[in-house]
Amino acid sequence: MLKEIYLAGGCFWGVEKYFSLVNGVVETAVGYANGRTANPTYAEVCAGRAGHAETVMVRYDPQVISLTALLELYFEVIDPLAVNRQGADVGRQYRTGIYFTDGREKQIISRALDALQRGLDAPVAVEAVPLDNFYLAEELHQQYLNKNPGGYCHIRKEKFQQARDYSRK
């Protein structure tokens, strides 16, 4: 049975591309999560009026890759100390977050965040809360970096190869 986790890590274009390369991830989609408005547009989210985070839905096969492994990969491409910012992107829509739909995953997420915190000297700024809502982004944003290989991305290119090569469960 497939599972889903929703990950916000700055601009969703790069985060989506990164996770789409991971063995065991069967589907990704970009959208807007945990905001105040229904069916927001990209312009509304970027203007900060909607309260949503740019987020990637990651559907994966837990027989191939675990949630713990996905979170380890996620931590590789975010600055966990940055508040409302990743790379050159600044604003509440670029906050980092782990949004779950299965309450049993909360403990796995908490353990992963605790392990991450142990290696840092400032508080981790990644929110970990249940998914309240998720709205698909406009079609032009779906698989954006596949459609626009030279498009903006805050994730370094070598991280994409790391995602392709990752095979731990």
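Worth a mention:
- Residue match in the stretch 34-44 (condition: crowded, with 23+ Cβ neighbours inside 10 Å and not in a loop (DSSP other than H, G, I, E, B)): no
- Count of residues meeting criterion [more than 12 Å from the chain's Cα centre (by Cα) and hydrophobic (A, V, I, L, M, F, W, C)] in the stretch 67-107: 7
- The set of residues in the stretch 113-149 that are small (G, A, S) and within 15 Å of the chain's Cα centre (by Cα) comprises A125, A128, A137.
- Exactly one residue out of S66, S110 is closer than 23 Å to N23 by Cα, at pLDDT 95 or above and polar (S, T, N, Q), and it is S66.
- Flag for K3 being among the basic types (K, R) and over 20 Å from T101 (Cα atoms): no
- Residues of the stretch 42-93 that are free of Cβ contacts under 8 Å to residues at least 12 places away in the same chain and under 21 Å from Y144 (Cα atoms): A43, E44, A47, V90.
- Check on F100, closer than 15 Å to M57 by Cα, in contact (Cβ under 8 Å) with a residue 60 or more places away in the chain and in contact with a Gly (Cβ under 6 Å, 6 or more places away or on another chain): no
- Residues being under 22 Å from M1 (Cα atoms), acidic (D, E) and not in a helix (DSSP H, G or I) - total across the stretch 54-112: 2
Results for (1) small (G, A, S); (2) over 9 Å from the mean Cα position of the chain (by Cα), shown as yes or no for each residue.
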{"site": "Y6", "(1), (2)": "no, no"}
{"site": "G10", "(1), (2)": "yes, no"}
{"site": "W13", "(1), (2)": "no, yes"}
{"site": "A29", "(1), (2)": "yes, yes"}
{"site": "T37", "(1), (2)": "no, yes"}
{"site": "A53", "(1), (2)": "yes, yes"}
{"site": "R59", "(1), (2)": "no, yes"}
{"site": "P62", "(1), (2)": "no, yes"}
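- Selection within the stretch 119-165: residues that are closer than 25 Å to G35 by Cα, aliphatic (A, V, I, L, M) and at pLDDT 95 or above. The member of this set that is surrounded by the most Cβ atoms within 10 Å (Cβ to Cβ) is V126.
- From the list G48, G24, the lone residue that is more than 12 Å from the chain's Cα centre (by Cα) and either aromatic (F, W, Y) or modelled with pLDDT of 95 or more (or both) is G24.
The values are calculated or read from the model by the stated rules, or taken from the named source; none is laboratory data. From a predicted model like this one, the values you see are computed outputs, not experimental measurements. Using ideal geometry, Cβ is built from the backbone for each residue, glycine included, and neighbour counts are taken over all protein chains shown.
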